[in-house]
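A.B. asks: I'd like to ask some things about the structure below.
The values are calculated or read from the model by the stated rules, or taken from the named source; none is laboratory data. Since the model is a prediction, treat every value here as computed from it, not as a measurement. When we count neighbours, we look across all protein chains shown, and the Cβ atoms used for this are built from the backbone with ideal geometry, even at glycine.
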Amino acid sequence: MKRSGFGSTLGIVLATAGSAVGLGNVWRFPYMAGENGGAAFVVIYMGCILLLGVPGMVSEFIVGRHAQANAPRAYDKLSGGRPWRLVGYLGIFTSTVILGFYAVVAGWCLQYLFASMAGQLNGDAAYVKDYFATFSSSSVKPVVLGVVFILITHLVVARGIRKGIEQTSKLLMPVLFVLLLLLVVASCLLPGAMRGVEFLLRPDFSEVTSGTFLDALGQAFFSVSLGAAVLCTYASYFSKTTNLVKSSVQIVLIDTLVAVLSGLMIFPAAFSVGVQPDSGPSLIFITLPNVFQQAFAAMPAVGYVVSIMFYVLLVFAALTSTISMHEIGTAFFTEELHMSRSRSAWLVTAVASLLCVICALSVGAMPDLQLMGLSVMDFCDLLTANALLPVGGLMACLFVGWFVPRQVVADEFTNQGTVNRRFYRAYLFAVRYVCPLLILAIFLHQLGVL
């Protein structure tokens, strides 16, 4: 049976950028920038994207596009039957685990969207904090909303590449950009907002430390979805004429633009009401609802609309990421077990939903659900971020840099010689030496060694 693929270059860029653009851009990037001095972090982050993000992305693209198969089979084809197939299995396992606990946070975003629409987030900081604690500790709502989010993801993936993933990406990504731009404008028009803009755009390197570089490096790695076989799987649907280098640059530019715009949305509003920009992971569920309320106190109708737009933005950003994580397993089961796409999608949905339920309960109604002294959700987060993703990314770079035949790499990089190869030597050096060392640094930093 002929394998489906993306129908256009725009579809390729938007779908793959959607896999990279997620809550990490809207939530993690701003608070990481806030903790590391703002603009200086942004400059260093952009450098890390060029050193690690683009070469790493191109490497996974080469594996997927050349093999035109799911991740394990792709590695198997290029390695001649050696155990590199395990890298593909690792990607499937990693993406499914991430989908399970990521859906919990996405469910929280759904709840906050509904609460914003119902005007339930109006109150002081203590009220908003108590609202989150009460909601997240419930035994019903977080579980139901997390599973609902996975089911929404399922509906998209089950429709296939062109009718499901590509069409949805073409709708969600432009809407996401429009919402983000509107929120940036609203935030920057607030009194005192320019201090927040300066914080994000005027570099001060006097406070930069080695930790700043390592945090920026880690954010660059996780932001572009390296190490989870997402890029490899999506590239298996690319046409042979797709310019891999050009596409990767376009994708990282979109990803970085969303991250910077998210900072321009959050920091001006935060500075306007005197909130510190390093509020940490609680930013979107505890800090920002109160920030929006204070910032637009004189215009409650505007504040109401801004709050709704913000959580719609989060839901869309989360959905573009969960779609890609779901597709990895769906593609594998469809091709290896010879199941229909619908049945394969249901299998992934069932496994991810079970994990989602356990994760949601472990941080809420059933805190005794623990692994190694951590809630199941925190353990899954720690396992994937500190071990599985860095190992997957490292193995992908080593595989392409040292084990895939040089002619195969050159042919894919240059589209059989039809694309200028002036950056090929630089790419090969980066993927063989620079990327592995940088990923090793991320791994050691995550473990607290560096």
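A.B. asks: Taking only pairs six or more apart or across chains, which ones have beta-carbon atoms under 6 Å, a first residue in the range 76-95 that is assigned to a loop (DSSP other than H, G, I, E, B), and a second residue that is crowded, with 22+ Cβ neighbours inside 10 Å?
C.D. replies: Short answer, once both residue conditions are applied: Trp84/Tyr75.
A.B. asks: I'm told Gly211 meets every condition in (1) part of a helix (DSSP H, G or I); (2) surrounded by 16 or more Cβ atoms within 10 Å (Cβ to Cβ) except one. Can you identify the failing condition by its number?
C.D. replies: So Gly211 meets the others, but not (2).
A.B. asks: Okay, moving on. Sort out which residues of the range 318-357 are free of Cβ contacts under 8 Å to residues at least 24 places away in the same chain and either of a type outside the set (Ser, Thr, Tyr) or in a loop (DSSP other than H, G, I, E, B) (or both), and write them in order of number.
C.D. replies: Phe333, Leu337, His338, Met339, Ser340, Arg343, Leu347, Ala350
Here is a yes/no grid of residues against (1) surrounded by fewer than 18 Cβ atoms within 10 Å (Cβ to Cβ); (2) over 23 Å from Gly88 (Cβ atoms):
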position	(1), (2)
Leu337	yes, no
Ser342	yes, no
Ser375	no, yes
Thr384	no, no
Leu389	no, no
Pro405	yes, no
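A.B. asks: How about the range 402-431: which of its residues are farther than 15 Å from Val63 by Cα, in contact (Cβ under 8 Å) with a residue 12 or more places away in the chain, part of a helix (DSSP H, G or I) and not aromatic (Phe, Trp, Tyr)?
C.D. replies: Within the range 402-431, Ala430 is the sole residue that qualifies.
A.B. asks: Between a first residue in the range 119-147 that is closer than 23 Å to Ile98 by Cβ and surrounded by 15 or more Cβ atoms within 10 Å (Cβ to Cβ) and a second residue that is at pLDDT below 85 and not small (Gly, Ala, Ser), which pairs have beta carbons less than 7 Å apart while being 6 or more apart in sequence or on different chains?
C.D. replies: What qualifies is Phe132/Phe285; Phe132/Ile286.
Yes or no, residue by residue, for (1) within 21 Å of Gly80 (Cα to Cα); (2) among the basic types (Lys, Arg); (3) at pLDDT 95 or above:
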| site | (1), (2), (3) |
| --- | --- |
| Leu388 | no, no, no |
| Leu398 | yes, no, yes |
| Arg422 | no, yes, no |
| Phe429 | no, no, yes |
| Tyr433 | no, no, yes |
| Ile442 | no, no, no |
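A.B. asks: How many of the residues in the range 214-252 are over 14 Å from the mean Cα position of the chain (by Cα), part of a helix (DSSP H, G or I) and not basic (Lys, Arg)? Let's see the steps before the verdict.
C.D. replies: Just the residues of the range 214-252 that are over 14 Å from the mean Cα position of the chain (by Cα), to begin with: 214-217, 232-250.
Applying the additional criterion that residues be part of a helix (DSSP H, G or I) yields 214-217, 232-235, 244-250.
With the extra rule that they be not basic (Lys, Arg), the set shrinks to 214-217, 232-235, 244-245, 247-250.
Of the residues in the range 214-252, 14 are over 14 Å from the mean Cα position of the chain (by Cα), part of a helix (DSSP H, G or I) and not basic (Lys, Arg).
A.B. asks: Given the conditions (1) under 25 Å from Gln111 (Cα atoms); (2) crowded, with 21+ Cβ neighbours inside 10 Å, and given that Phe332 satisfies all but one, which numbered condition is not satisfied?
C.D. replies: Only one criterion in (1) under 25 Å from Gln111 (Cα atoms); (2) crowded, with 21+ Cβ neighbours inside 10 Å is unmet by Phe332, namely (1).
A.B. asks: Tell me the residue from Val58, Val42, Val63, Val26 that is in contact with a Leu (Cβ under 7 Å, 6 or more places away or on another chain), closer than 20 Å to Gly329 by Cβ and in contact (Cβ under 8 Å) with a residue 60 or more places away in the chain, please. Steps first, answer last, please.
C.D. replies: On the way: Val58 fails: closer than 20 Å to Gly329 by Cβ; Val42 fails: closer than 20 Å to Gly329 by Cβ; Val26 fails: closer than 20 Å to Gly329 by Cβ.
One residue alone meets the criteria, Val63.
A.B. asks: Within the range 140-158, identify whether any single residue is within 21 Å of Thr287 (Cα to Cα), in a helix (DSSP H, G or I) and modelled with pLDDT under 90, and answer yes or no. Can you show your working first?
C.D. replies: Narrowing the range 140-158 to residues within 21 Å of Thr287 (Cα to Cα): 142.
Keeping just the survivors that are in a helix (DSSP H, G or I) gives 142.
Checking which are modelled with pLDDT under 90 leaves us with none.
Scanning the range 140-158, I find no residue that is within 21 Å of Thr287 (Cα to Cα), in a helix (DSSP H, G or I) and modelled with pLDDT under 90, so the answer is no.
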